[in-house]
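The values are calculated or read from the model by the stated rules, or taken from the named source; none is laboratory data. These numbers were taken from a predicted model, which means no experiment stands behind them. No Cβ is skipped: glycine too gets one built from the backbone with ideal geometry, and neighbour counts run over all protein chains shown.
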Amino acid sequence: MPRRSPRSRRKSAGAKLPQKSRVRSAPGSSRPTAKPRVAHAKKGARGSVAAAKKSARKKAVRTTKRPRFVAPDPVRVRALLEGLRESYPDARCALDFRTPLELLIATILSAQCTDQRVNMVTPGLFATYRDAAAFAAADAADLEKAIHSTGFFRNKAKAIKEACADIVAKHGGEVPRTLEELTALRGVGRKTANVVLGNAYGIASGIVVDTHVGRLAHRLGLTNETDPVKIEFALMPLVPRESWTLFSHWLILHGRAVCNARKPLCSACPVAAHCPRLGVTVSA
């Protein structure tokens, strides 16, 4: 008797259950109609109408918030400068100083700090360290303690010591009078150099671009640049050279008093008639 496989023994082990008879369709006839499948929109086409409306709304918002920049009209720029000059006739550097070295140190300390705070720190600082040699030889810990309240005191102390060491070694202890020599000092950038040259020496080497100047330069429609150096070079042809230093003070004062970042006081602005208000969505 032939041997049966385990699989065949399992199949025959129990009684077969009755199965439902399968209905076979006659030749030439179709099978019973299945439940119709719901057609789905292709990926990317789903909600195309809603997506188009959403895109249109975004474009409208962008157009409202950031109108297309137009090159400034020279007539408008002259009227704008005259309005700023009349509004801030006593504009000057907000940092207190007596010598170019004191202004250099104060400007380094003003990074990420208010001018008022710097003016509170510098009297005692300048009484302790009277010249570049004293700053260069200062104990780092003592200098850091003296300028601690201005923030970033370790980096600032290092920048002050290195810049003063360069002044002593390369310039006989005197702060240089050229942009190239100032920016060659360790820890001194273009903005700091322009502050010192314009306010301590009366040399118009460029335009100081800080947070207020950069923000207002765009809002007033003077430039569409965002990099501080590019903003400076865009402003220099628009402003007479003799007004470069004052122009920075005008914008800084105007930005603090009237044209603040979140909600400018456009109703009280003395140059509102010459301002395109780029980026302004809410004003008072």
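A few points about this structure:
Per-residue answers, yes or no, for (1) closer than 25 Å to HIS249 by Cα; (2) part of a loop (DSSP other than H, G, I, E, B); (3) modelled with pLDDT under 95; (4) in contact with a Lys or Arg (Cβ under 9 Å, 6 or more places away or on another chain):
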{"position": "ARG85", "(1), (2), (3), (4)": "yes, no, no, no"}
{"position": "ALA111", "(1), (2), (3), (4)": "yes, yes, yes, yes"}
{"position": "PRO123", "(1), (2), (3), (4)": "yes, no, no, no"}
{"position": "ALA127", "(1), (2), (3), (4)": "no, no, no, no"}
{"position": "ALA133", "(1), (2), (3), (4)": "no, no, no, no"}
{"position": "ARG154", "(1), (2), (3), (4)": "no, no, no, no"}
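- Selection status of ILE207, buried (at least 20 other Cβ atoms within 10 Å of the Cβ), over 15 Å from the mean Cα position of the chain (by Cα) and more than 15 Å from PRO72 (Cβ to Cβ): no
- Counting residues in the stretch 182-195 that are surrounded by fewer than 18 Cβ atoms within 10 Å (Cβ to Cβ), farther than 30 Å from ALA134 by Cβ, touching a Leu at 6+ places or on another chain (Cβ under 9 Å) and among the charged types (D, E, K, R) gives zero.
- Within the stretch 226-241, residues that are free of Cβ contacts under 8 Å to residues at least 60 places away in the same chain and on the phi > 0 side of the Ramachandran plot have Cβ atoms under 8 Å from residues that are of a type in the set (Gly, Ala, Ser) and part of a loop (DSSP other than H, G, I, E, B) in no pair, counting only partners at least 6 apart in sequence or on another chain.
- Scanning the stretch 239-269 for residues that are under 26 Å from ALA204 (Cα atoms), outside any helix (DSSP H, G or I) and more than 23 Å from the chain's Cα centre (by Cα) gives VAL239, PRO240.
- For the stretch 54-83, filtered to residues that are of a type in the set (D, E, K, R) and either surrounded by 11 or more Cβ atoms within 10 Å (Cβ to Cβ) or under 19 Å from GLY255 (Cβ atoms) (or both), the residue that is modelled with the lowest pLDDT is LYS65.
- Condition check for GLU102: surrounded by fewer than 17 Cβ atoms within 10 Å (Cβ to Cβ) and of a type in the set (D, E, K, R): no
- Among the candidates VAL168, VAL118, residue that is in contact with a helix residue (DSSP H, G or I) (Cβ under 9 Å, 6 or more places away or on another chain) and either buried (at least 21 other Cβ atoms within 10 Å of the Cβ) or touching a residue at least 40 places away in the same chain (Cβ under 8 Å) (or both): VAL118
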